[in-house]
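Read the structure below first, then the notes.
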Amino acid sequence: MSQRDQDTITEAVLASFAQTPDARLRTIMSSLVQHLHAFAKDVQLTEAEWFHAIDFLTRCGHITDDKRQEFILLSDVLGLSMLTVALNNDKPEGCTESTVFGPFHVEGAPHYAAGEDLANGAKGTPCLVRGQVRGVGGEAIAGAVMDVWQSDAEGLYDVQRADLTQAQARGVVTTDNQGRFGFRSIVAVPYPIPHDGPVGEMLAATKRHPWRPAHLHFKIQAPGYETLITHVFNRQSDYLSSDAVFGVRPSLVCDWVEQADGSYLLEYDFVLNPLAA
């Protein structure tokens, strides 16, 4: 039996993964072990700190449910979500850039016809959103399915309101035969990510704020094209340069234009990347 100490434990753990059949899994696990062990040595991690970290992750699990994903929040505020997006979405010039998914997407949102109101009673200033979905070659994409979701004027998503029995400020629209879309909603506002749990404690301890700039979420799918997950940000919003989840990209920042009746207009075109042959 070999001696296990700070000089030999890493190699022993790496050796234990040597027979992993899946080569990609073996690569990931080996790198994870090397980096974790190097981190522990670098900061001279104490046992008390290790126990505190285990408790932190345990509490992240306990607070997570079908309406709240604390681990996505943790990944977001550490910049890991955005790093993963950047690593995996290197698109041709002209394509709409991707950004973080966020923790509030819901499968099975209601479908709306062109011009209908996705707000569905959510509080906020009325807004018309319209544009076109095209391919990188300029071709209109008919029948593209667009999931849209956002917070209300109080900075809350519908899933954060226990009293709601219907979806609000979220829905699915489909582009017409010229790739055009249009729907009514409400003006996006800045809001704080949930900070009443472990991730919020970490932000407070590190003197970081939990705020995100005003934005709309989009998930756009069309046959023959890569799925696009992105936001459109309000140019007039606070926190564009200090987004708590590092999700702002300059190409995704645009204007909400006030109209004569006090409502607003957002116009934005999306450009999708074709799937590789």
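Of all alpha-carbon pairs in the stretch 58-203, indicate the percentage at a distance above 19 angstrom. Each step should come with its number before you reach the end.
Values: 6524 of 10585 pairs.
Percent of Cα pairs beyond 19 Å in the stretch 58-203: 62.
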**Request:** For the stretch 200-246, just run the numbers: alpha carbon Rg, then divide by 2.2 N^0.38 Å, N being how many residues it has.
**Result:** 1.54
**Prompt:** What does the convex hull of the Cα atoms come to per residue for the stretch 1-79, in Å³?
**Reply:** 151
**Item:** the stretch 108-200: trypsin sites (Lys or Arg not before Pro) in DSSP coil with no more than 15 other Cβ atoms inside 10 Å
**Value:** LYS123, ARG161
**Request:** Just name one of SER30, HIS62, ALA114: the one whose Cα is farthest towards the positive end of the charge dipole of the chain (beta-carbon charges, Lys/Arg +1, Asp/Glu -1).
**Result:** ALA114
**Request:** Have a look at the stretch 45-131 and give its Rg and Dmax from the Cα atoms, expressed in angstrom.
**Result:** 19.0, 59
**Message:** Restricting to Cα atoms and excluding each atom paired with itself, what does the Kirkwood estimate give for the stretch 168-255 in Å?
**Reply:** 15.1
**Calculated from backbone phi, Karplus (6.51, -1.76, 1.60) coupling profile of the stretch 138-153 in Hz, x at Gly/Pro** = x, 6, 5, 10, 7, x, 5, 9, 10, 7, 10, 8, 7, 7, 8, 5
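If each DSSP helix of 4+ residues adds -39,500 (n - 2.57) and the sum is divided by the residues in the chain, what number results at 222 nm, nearest 500 deg cm²/dmol?
Numbers: 6 runs with 71 residues, N = 277.
It lands at -8000 deg cm²/dmol.
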**Asked** Setting aside same-chain residues fewer than 8 positions from LYS207, which lysines have a Cα under 26 Å from its Cα?
**Response** LYS41
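Compute the orientation-averaged projected area for the stretch 98-170 from the convex hull of its Cα atoms and round it to one decimal in nm².
Values: hull surface 24.3 nm².
Mean orientational projected area (the stretch 98-170, Cα hull): 6.1 nm².
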**Asked** What lysines sit close enough to LYS91 to cross-link, taking a C-alpha to C-alpha distance under 25 Å and skipping anything fewer than 8 places away on the same chain?
**Response** LYS219
**Prompt:** Given the options GLN236, GLN19, GLN160, which has the most mean-square fluctuation in a GNM of the chain, springs set between C-alpha atoms less than 10 angstrom apart?
**Reply:** GLN19
**Message:** Using each residue's phi in the stretch 13-25, evaluate 6.51 cos²θ - 1.76 cosθ + 1.60 at θ = phi - 60° and report the 3J(HN,Hα) Karplus result to the nearest Hz, with x for Gly and Pro.
**Reply:** 5, 4, 5, 5, 9, 4, 9, 4, x, 7, 4, 5, 4
**Item:** Rounded accessible area of LYS41 (nearest 10 Å², 1.4 Å probe)
**Value:** 90
**Item:** Stretchable slack from LEU45 to ASP90, in nm (0.36 nm times residue separation minus alpha-carbon distance)
**Value:** 12.6 nm
**Message:** Amide H of THR125 versus every other amide H placed in the peptide plane: which residues, excluding those fewer than 5 positions away on the same chain, fall under 5 Å?
**Reply:** VAL187
**Fill in**
For Kirkwood radius over Cα pairs in Å the list reads [x] 19.1; [y] 22.3; [z] 21.1; the calculated value is entry [z]
**Asked** Of the beta bridges DSSP finds with both residues in the chain, what % are antiparallel, to the nearest 5?
**Response** 75
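Could you give the length gained on full extension between HIS62 and THR10, defined as 0.36 nm per residue of separation minus the Cα-Cα distance, in nm?
Details: separation 52, 0.36 × 52 = 18.72 nm, distance 3.05 nm.
15.7 nm is the gain from fully extending HIS62 to THR10.
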**Prompt:** With every protein chain present, what accessible area does PHE181 have (1.4 Å probe, heavy atoms only), rounded to the nearest 10 Å²?
**Reply:** 20
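The values are calculated or read from the model by the stated rules, or taken from the named source; none is laboratory data. Here the structure is a predicted model, which is why all the values come from computation and not from measurement. Using ideal geometry, Cβ is built from the backbone for each residue, glycine included, and neighbour counts are taken over all protein chains shown. Accessible surface is based on the protein model in full, side chains and every heavy atom, while ligands, DNA and RNA are left aside. Shrake-Rupley method; radii C 1.70, N 1.55, O 1.52, S 1.80 Å.
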